[in-house]
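The values are calculated or read from the model by the stated rules, or taken from the named source; none is laboratory data. Worth saying up front: this structure is predicted, and the values here are computed from it rather than measured. Reconstructed Cβ throughout: ideal geometry from the backbone, glycine too, with neighbour counts over all protein chains shown.
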Amino acid sequence: MPGVEGRVVVVTGAGGGLGREYALLLASRGARVVVNDLGGARDGSGAGTSMADTVVGEIRAAGGEAVANYDSVATSDGAAKIVQTAIDHFGRVDGLVNNAGILRDRAFHKMGDDDWESVLRVHLFGGFNVTRAAWPHFREQGHGRVVMATSTSGIYGNFGQSNYGTAKAGLIGLTNTLALEGRKYNILANAVAPMAATRMTEDVAPPELLKKLDPAQIAPIVAYLLADECTDSGSVIVAGGGQVHRVQYFQSKGVTFGDVPTVDEVAARWSEITDMTGSVPGTNPVG
Ligand code: NAI
């Protein structure tokens, strides 16, 4: 049975939505959980303690172990305090779910500096900040699990989400390198792109679709990726409405030019370069 029993897991943005589901399931499986949440609005404005406190109350009422933290993932100082909460209360940190997020959708031609920066700060810098704070502990103990909340918006793009999609794609890039650098220390890093009815999606999808997207359906995927038995690293998993699949880059057979090609030669062979028939999983040509 895949386990997180006795493990200490930090879940950022766990005061509501998906993070709350992750925290509740992890605690019910015997993990000790740091429930982090800044407690603000969907656009990142405001702050408060009640969201994290409520989830900690739910976990304790069910007999689980949890502690609240209200710092922002968007600063390295906040991130250090989040991880320190785990150390102070539970003496260690074994896993991290970088789940905190905000939304500031704008068409690209209307995207302002603040909308761009605040979304990257929370998602991309947030993922970096908290992972960097936990990393030395993971390395020292030879065990660590990182789950990044990415999005199909980062994988495929989405109207109005150039800021959000960029941040979410960046987290996949971060996950890829963490998987490489973490492997010899038994630190595994994976990304999950959820699809779930939460306050983040309440007005961006039709109600009939949202009814099928219970956020509880994502929690077992995240819990598995945090479990001792998990060996995957560098995977991107898309999950929602009961459907779970892995997404991966593939590369075409391509062409090899013996010499510097002319533009006309490139044009003549373009369909061969881009034809994905017989494509194979992509590999890094520089090793
Ligand atoms: P949500 O808005 O319910 O949860 C996000 C939580 O993060 C909130 O509780 C919020 O207070 C907290 N938060 C925001 N800024 C923070 C900060 N600076 N520091 C600490 N906490 C902060 O939204 P939801 O849907 O539960 O999203 C969770 C994650 O899943 C996000 O990263 C989101 O981008 C991602 N996601 C969700 C999808 C969905 O279908 N719901 C789709 C794709 C990705």
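A single entry from 92, 20, 7 fulfils the requirement of being buried (at least 20 other Cβ atoms within 10 Å of the Cβ), of a type outside the set (Phe, Trp, Tyr) and more than 11 Å from the ligand (Cβ to nearest atom): 7. Could you please let me know if residue 184 is within 13 Å of the ligand (Cβ to nearest atom) and either in a loop (DSSP other than H, G, I, E, B) or among the basic types (Lys, Arg) (or both)? It is false that residue 184 is within 13 Å of the ligand (Cβ to nearest atom) and either in a loop (DSSP other than H, G, I, E, B) or among the basic types (Lys, Arg) (or both).
For residue 37, are the conditions met, namely being within 15 Å of the ligand (Cβ to nearest atom) and surrounded by 24 or more Cβ atoms within 10 Å (Cβ to Cβ)? So residue 37 fits the description; yes. Scanning segment 251-274 for residues that are surrounded by 10 or more Cβ atoms within 10 Å (Cβ to Cβ) and of a type outside the set (D, E, K, R) yields a count of 12. In segment 83-173, counting only helices (runs of 4 or more DSSP H) that sit wholly within it, the ones holding 2 or more residues that are without any contact (Cβ under 8 Å) to a residue 12 or more places away in the chain span 113-120, 126-141. Total residues in segment 225-263 satisfying the condition of being charged (D, E, K, R), more than 17 Å from residue 149 (Cα to Cα) and without any contact (Cβ under 8 Å) to a residue 60 or more places away in the chain: the figure is 2.
Quick one: is residue 257 aromatic (Phe, Trp, Tyr), in a loop (DSSP other than H, G, I, E, B) and outside the structural domain of residue 26 (by TED's automatic domain parsing)? Answer is yes for this residue.
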